[in-house]
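The values are calculated or read from the model by the stated rules, or taken from the named source; none is laboratory data. Treat the numbers as computed from the prediction; the structure is a model and nothing was measured. Methodologically, a virtual Cβ is constructed for each residue, glycine included, from the backbone with ideal geometry; neighbour enumeration extends over all protein chains shown. SASA here: full protein model, heavy atoms, side chains in, ligands and nucleic acids out. Shrake-Rupley method; radii C 1.70, N 1.55, O 1.52, S 1.80 Å.
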Amino acid sequence: MHADRRTLLQAAAALPLATTGASAAFAQAPAAAPAAAPPKEVTRALAHYLVTAGYDDLPANVRKEGVRTLLNWVGVAIGGSRHETVDIAVAALGPFSGPQQASLFGRHERFDIMNAAFINGVSSHIFDYDDTHLKTIIHPAGPVASAILAVSEMQAVSGKELLNALVLGVETECRIGNAVYPNHYDVGWHITGTAGVFGSVAAAGKLLKLNEQQMTWALGLAASQPVGLRESFGSMNKSFNPGRAAANGIFAAILASKNFTSSDAMIEAKRGWANTISTKQDYREILGDLGKRYEAALNTYKPFACGIVMHPAIDAAIQLRNESKLAADQIERVDLKVHPLVLELTGKKTPHQGLEGKFSIYHAVAVAIVEGAGGEKQFSDRAVTDPTVVALRGKVVPVITPGIKPEQVDLTIVLKDGRKLNRYIEHAIGSVEVPMTDKQLETKFSDLADGIISAAAIRRVMDACWNVENLPNAADITKMSVSA
């Protein structure tokens, strides 16, 4: 007999809680803790919560952030839909797709739900412009929204059901990510893929109305499909990871719906997911205060189309550039005091392609000064080969500095006339502390979708996202978002 919800969550509350310093993005790895006996019922307790959690249980602020997450994700999915990466995926998979069940954002082709989820996940991440859970660097919506919007075209799903599934999926992947971050990430896993599959399976399983045992198996099947390595950053392969996580989650949920079994302890067992792929396991992060504390409320949205650790520097560079009306030929040097992760993640000195530029602090600062922006156009093949930008990035000097946190930067522009302009950023725009406004999200959406769908369609899609809770059929969002 299954334990009831109260018993399971009380047991979860008794699990030891490690100190992670998660208030700052990219927290440093704690010292290794003594080995402890694996806790019991983590996977099943999570499954029980997922199958019993309803839309009415969501606090108003969590619903609101879920809506903002949806709007931002749809915008980046449409915006990335015409990228060469997506063209290749469509051409490669088209001959092998099953029934034409689901749409591709910003395109006219239709695919089976698993391939559609994969391609939409790729499309939404190819610009590196999607949402970010700063405590883990997970991009939560890609694996989850790609999956549930595909499922919503296969079966009837209301807007409230979609939003509930989205929040539960984001909550699941971010909590599981918290349990193993940063150790798991530090050894080279791309956590958006490896934890994202849990978000995808939780959300898809919710829409498929799995029972507790089926959801437990589904989580186990997801645990068997970790995908994504950080070596892929700067290539098409990076966007493959959330796309694959979305498809893998649907795959696991559908199998479980037909009673395809797995271990009941695939997350926490000695040879399960957490112990196999990380040296840190903090299971209280998964189960502590379920239904009370929401990681989904901490989601953030990028104002700049690149790696999140570069955002403070871009913010500072644009501010100084605009305030002093700077031109590149006035600048002698740009000094940056940064956290070690900035160079570890974005230390490419000479990017040759736009995708590489997204991981170059040298390019990001230079193009921000030259063009006064950090959108997708600033991380294109054109931008990384622009002679003015190339010349200026050779003058960008990042220095690892003790005391500087990952979300901070101390930037000084030294001018040829001897003046020095300084800007210290504590929290960049787009952070939890300085969030993008609804209006800024709409501007970002419109810029991304411009030229792909009509202006009238852009307005309709944004309105549908804002009003998702009142939609009788959530699939309307996808249908409005395809090209003519």
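Look at the stretch 70-105 and say how many of its residues are over 20 Å from Leu162 (Cα atoms) and part of a loop (DSSP other than H, G, I, E, B). Working first, answer last.
Step one: of the stretch 70-105, the residues over 20 Å from Leu162 (Cα atoms) are 79-100.
Next, only the ones that are part of a loop (DSSP other than H, G, I, E, B) stay: 80-83, 97-100.
Number satisfying all stated conditions: 8.
Have a look at Ala195, Ala265, Ala247 and point out the one that is in contact with an Asp or Glu (Cβ under 7 Å, 6 or more places away or on another chain) and on the phi < 0 side of the Ramachandran plot.
Among Ala195, Ala265, Ala247, only Ala195 is in contact with an Asp or Glu (Cβ under 7 Å, 6 or more places away or on another chain) and on the phi < 0 side of the Ramachandran plot.
Filter the stretch 294-335 for residues that are among the hydroxyl-bearing types (Ser, Thr, Tyr) and farther than 13 Å from Gly430 by Cα; which is surrounded by the most Cβ atoms within 10 Å (Cβ to Cβ)? Don't jump to the end; show me each part of the working.
To start, the set of residues in the stretch 294-335 that are among the hydroxyl-bearing types (Ser, Thr, Tyr) comprises 294, 300-301, 324.
Now restrict to residues that are farther than 13 Å from Gly430 by Cα: 294, 324.
On the way: Tyr294: 21, Ser324: 13.
Looking at residues that are among the hydroxyl-bearing types (Ser, Thr, Tyr) and farther than 13 Å from Gly430 by Cα, I get Tyr294.
Within the stretch 37-84, can you find the residues that are at pLDDT 95 or above and charged (D, E, K, R)? Full working, then the answer.
Step one: filter the stretch 37-84 for residues at pLDDT 95 or above, giving 42-84.
Of everything in the stretch 37-84, those that are at pLDDT 95 or above and charged (D, E, K, R) turn out to be Arg44, Asp56, Asp57, Arg63, Lys64, Glu65, Arg68, Arg82, Glu84.
Table: residues versus (1) of a type in the set (A, V, I, L, M, F, W, C); (2) open to solvent by 10 Å² or more (accessible area, probe 1.4 Å).
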| site | (1), (2) |
| --- | --- |
| Phe260 | yes, yes |
| Lys280 | no, yes |
| Leu287 | yes, no |
| Gln353 | no, yes |
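Taking the stated definitions as given, is Leu343 at pLDDT 95 or above and either open to solvent by 10 Å² or more (accessible area, probe 1.4 Å) or outside any helix (DSSP H, G or I) (or both)? Lay out the reasoning, then the answer.
Numbers: at pLDDT 95 or above: yes; either open to solvent by 10 Å² or more (accessible area, probe 1.4 Å) or outside any helix (DSSP H, G or I) (or both): yes.
Considered against the rule, which asks whether it is at pLDDT 95 or above and either open to solvent by 10 Å² or more (accessible area, probe 1.4 Å) or outside any helix (DSSP H, G or I) (or both), Leu343 comes out as yes.
Being part of a helix (DSSP H, G or I), open to solvent by 10 Å² or more (accessible area, probe 1.4 Å) and among the hydrophobic types (A, V, I, L, M, F, W, C) is the filter here; which residues of the stretch 127-168 pass it?
Listed by number, the list holds a single entry, Met154.
Residue check: is Glu376 more than 27 Å from Lys135 (Cα to Cα) and acidic (Asp, Glu)?
It is false that Glu376 is more than 27 Å from Lys135 (Cα to Cα) and acidic (Asp, Glu).
Please enumerate the residues belonging to the stretch 422-434 that are assigned to a strand (DSSP E or B) and among the polar types (S, T, N, Q).
Of the residues in the stretch 422-434, the ones assigned to a strand (DSSP E or B) are 422-425.
Selection gives Asn422 alone.
Could you tell me whether the stretch 50-65 includes any residue that is open to solvent by less than 50 Å² (accessible area, probe 1.4 Å) and of a type in the set (S, T, N, Q)? Steps first, answer last, please.
Step one: of the stretch 50-65, the residues open to solvent by less than 50 Å² (accessible area, probe 1.4 Å) are 50-51, 53-55, 58-59, 62, 65.
Keeping just the survivors that are of a type in the set (S, T, N, Q) gives none.
No, because not a single residue in the stretch 50-65 is open to solvent by less than 50 Å² (accessible area, probe 1.4 Å) and of a type in the set (S, T, N, Q).
Restricting attention to the stretch 435-472, and to residues there that are free of Cβ contacts under 8 Å to residues at least 24 places away in the same chain and outside any helix (DSSP H, G or I), which single residue is nearest to Pro303 (Cα to Cα)?
In this case the residue turns out to be Thr437.
Just the residues that are surrounded by 17 or more Cβ atoms within 10 Å (Cβ to Cβ), part of a helix (DSSP H, G or I) and not aliphatic (A, V, I, L, M), please, taken from the stretch 361-398.
If the condition is that a residue be surrounded by 17 or more Cβ atoms within 10 Å (Cβ to Cβ), part of a helix (DSSP H, G or I) and not aliphatic (A, V, I, L, M), then Tyr362, His363, Glu371, Glu376, Gln378, Phe379, Arg393 are the ones that fit.
Find the residue count for the stretch 98-114, including only residues that are open to solvent by less than 30 Å² (accessible area, probe 1.4 Å), closer than 22 Å to Ala253 by Cα and either more than 24 Å from the chain's Cα centre (by Cα) or in contact (Cβ under 8 Å) with a residue 40 or more places away in the chain (or both).
Matching residues across the stretch 98-114 total 4.
I'm checking my understanding of the structure. Among residues of the stretch 399-421 that are touching a residue at least 12 places away in the same chain (Cβ under 8 Å) and outside any strand (DSSP E or B), which one is surrounded by the fewest Cβ atoms within 10 Å (Cβ to Cβ)?
Just the residues of the stretch 399-421 that are touching a residue at least 12 places away in the same chain (Cβ under 8 Å), to begin with: 399-401, 404-417, 421.
If we keep only those that are outside any strand (DSSP E or B) too, we end up with 401, 404-408, 416-417.
Working: Thr401: 15, Ile404: 19, Lys405: 16, Pro406: 21, Glu407: 21, Gln408: 20, Lys416: 10, Asp417: 7.
Across the stretch 399-421, the extreme among qualifying residues is Asp417.
What number of residues within the stretch 108-130 satisfy the criterion of being out of contact with any Phe, Trp or Tyr (no Cβ under 9 Å at 6 or more places or on another chain) and of a type in the set (Asp, Glu)?
2
How many residues are surrounded by fewer than 16 Cβ atoms within 10 Å (Cβ to Cβ) and part of a helix (DSSP H, G or I) if we restrict to the stretch 473-484?
Adding up the residues that qualify gives 1.
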